[in-house]
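Remarks on the structure that follows.
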Amino acid sequence: METKFKIDLNNCTGCGTCEETAPVVFKVVNEKATINNSAINKNIKAAIEAKDSCPDKAIIMV
Amino acid sequence: MIRTLDITDFIEQKKENVPPANTVYVVETSALSNNSSMRADAAACYHELFGIKGMLIQKEKGAIIYHEGSDADSFYLLKKGAIALKRKDTNGNMAIQEIKPFEFLGVESLFSEKRMTSAIVDSDAELYEFKKSDALNSITFKDNKTLLKIFEEFKNRIEEGLRKREKDVKPVNNKLGNVESLNKGGASEKNRATRETKNVPRPKEDEKQSLLNEHEIRLLLSHSAIFASIGLNEMDKIVKNSVLISYKKDSEIIKTATRGENRFYIIKKGQVKGIRVSSRGNPVTTYYEEGDFFGEMPFVYNVENTETIISLTDVELLALDKDAFKDLYENHSGFKKAIINRIKEKAKEQSEIENNLKAAGITNFMIENGLTYATRLKVYEANKCISCLSCVKACKSRHGTARFKRVNIRYSFVNVPQSCRTCKYPTCLSKCRKDAIKREKDGEIVINSNCVGCGLCAKSCSFGAIEVIELDTDSKDAKPKRSAIKCDHCREYDNCACVAECPTGAIKHVNPETYFKTISG
């Protein structure tokens, strides 16, 4: 099963912690995080670490 | 007329006139327009600039004003027409830079003997010629440093202008590059070229070579205590022959009893420690700051290195190879003197540390705990402290949260609490995306109100000086706002709460270097 994430844009502050942890999956554009969902499965470990590291809990697993 | 040249000479006049779009420098155009009304065949027409008289000369299209490599004895201000600066780059192509009216050319004459470019008139030009000797005689410079500082600013502005122009005129400048960028680190470019062609193995992973900014290096050399006395020619040689290498924190640069990579290093940024074994068999540790050098032993005394050099912070080094060093050392007495003096000083320092156990202990303590690159250190002395905790209470009542913790590292009676030390080379600044943590002009590192509390700065601080807290919000529904906090040494207040409230004067803010020197006796 493929893991997918989504971003809660109300909570995201664009601090860049996710990009710092998993630069392949996350990218901050215009002060909000964006996800490359197709790259998650290859980098699942880093992606989950990034999800947990989000200080605003704005990354949600679907 | 004798006066000191300052930067206002270069920027003030800009306000009076609206400069053409691409102009980098504008001087009094009123004076220029007066002159233009004079007869064209006037043999000599003068224009004064910074108290130096310039002579008006006219050149026809195709005329050459100066050649690359010829003696540089004057600089010019273009009044009318257009001039192209040409220069052969490393591939043998001609690089072209266009000079427009009200811009300077040949300014390199003020700090180098030879021309860096050839100037050829593109369309009939009128320009003012200023003699280098006049400039140097009429302007009183305290020393080279002032001159270099001014030209550093000058160059920066020109570079800025060039960068802007590069965006506008891509077809010409993009392909050929401008003169400024070509001047940077010719040596390193050559090195890279040879490495690519010969397939020489790449340097170690932690080693990164990049382009040099030659003016930055001139400034560094003139500010360093060791190289300040060497002449401009020597500086020029160092700039031309050196390669910029950067190492990450805690990487070994030179191993003892080897010849290293046959390089002589000058520290451009950061600190390194040197460990050597004393005559009694004890390890002696010393540290070197920016502007200092190491790795000279194989070249000066033809022996293996006596020290292991390890970086304390991320460092940038200027590396000179054997031939370049030998050339400088043998042919330039100023450089040789500087090196020998420093070697003597080093030996003296090391023998002092060797013979004074207390001093050795303190140096070790400072190096191990990263106090060598701290600038404002909070310490409390256990022989005075009565553990009333009024420092913590005072901090809490002033800022809402105590910004330091009394969990500590200690040397003898000196305790260093967990608090911001205002590092010389801070690691906390670069990670922030919001630009919320900044170094202010007074050197203090400050967290602004736009902090979102992600904690990236706190993670990158190796001393645990930054904390993320939840701020109190008025409404209960809104999610709590977070922010990073750190001790800013009560920047907005007259005194520091902790220092002012201490009943015994045990807690202090000190400069670690001087403070530990006094306690080592």
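The values are calculated or read from the model by the stated rules, or taken from the named source; none is laboratory data. Here the structure is a predicted model, which is why all the values come from computation and not from measurement. So basically every Cβ, Gly included, is an ideal-geometry build from the backbone, and we count neighbours across all protein chains shown.
Please verify whether B:LYS249 is under 30 Å from B:ASN356 (Cα atoms) and basic (Lys, Arg), treating the condition exactly as stated. Considered against the rule, which asks whether it is under 30 Å from B:ASN356 (Cα atoms) and basic (Lys, Arg), B:LYS249 comes out as yes.
Considering region B:284-401, the qualifying helices (runs of 4 or more DSSP H), each wholly inside and each with 1 or more residues that are under 15 Å from B:GLY274 (Cα atoms) and touching a helix residue (DSSP H, G or I) at 6+ places or on another chain (Cβ under 6 Å), run over B:333-355, B:357-368.
For A:LYS57, indicate whether it is closer than 27 Å to B:LYS481 by Cα and modelled with pLDDT under 90. For A:LYS57, the condition - closer than 27 Å to B:LYS481 by Cα and modelled with pLDDT under 90 - is met. Every condition in (1) more than 12 Å from chain A (Cβ to nearest Cβ); (2) surrounded by fewer than 17 Cβ atoms within 10 Å (Cβ to Cβ); (3) in contact (Cβ under 8 Å) with a residue 12 or more places away in the chain; (4) among the acidic types (Asp, Glu) is met by B:GLU467 except one, and the failing one is (2). Out of B:ILE343, B:ILE386, one residue alone is touching a residue at least 60 places away in the same chain (Cβ under 8 Å) and among the β-branched types (Val, Ile, Thr). It is B:ILE386. Only residues that are of a type outside the set (A, V, I, L, M, F, W, C) and crowded, with 16+ Cβ neighbours inside 10 Å were counted across region B:376-399, and they come to 6. Annotation: B:ASP442 fulfils all but one of (1) within 14 Å of chain A (Cβ to nearest Cβ); (2) surrounded by fewer than 20 Cβ atoms within 10 Å (Cβ to Cβ); (3) of a type outside the set (A, V, I, L, M); the unmet one is (1). Against the condition surrounded by fewer than 11 Cβ atoms within 10 Å (Cβ to Cβ) and at pLDDT 85 or above, how does B:SER449 come out, does it pass? Taking the combined requirement at face value, the residue satisfies it. Taken over region B:479-496, the criterion of being free of Cβ contacts under 8 Å to residues at least 24 places away in the same chain, more than 14 Å from chain A (Cβ to nearest Cβ) and surrounded by fewer than 21 Cβ atoms within 10 Å (Cβ to Cβ) is satisfied by B:GLU492, B:ASP494, B:ASN495. Inspect all residues belonging to region B:448-461 and state whether any of them is hydrophobic (A, V, I, L, M, F, W, C) and away from chain A (no Cβ under 14 Å). Scanning region B:448-461, I find at least one residue that is hydrophobic (A, V, I, L, M, F, W, C) and away from chain A (no Cβ under 14 Å), so the answer is yes.
One line per residue, one yes/no per condition, for (1) over 14 Å from B:TYR265 (Cα atoms); (2) of a type in the set (Asp, Glu):
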| residue | (1), (2) |
| --- | --- |
| B:GLU289 | no, yes |
| B:LEU312 | yes, no |
| B:LEU317 | no, no |
| B:LYS322 | no, no |
| B:ASN341 | yes, no |
| B:GLU354 | yes, yes |
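When region A:1-52 is filtered for residues that are of a type in the set (Ser, Thr, Tyr) and within 22 Å of B:VAL452 (Cα to Cα), the ones remaining, listed by number, are A:THR13, A:THR17, A:THR21, A:THR34.
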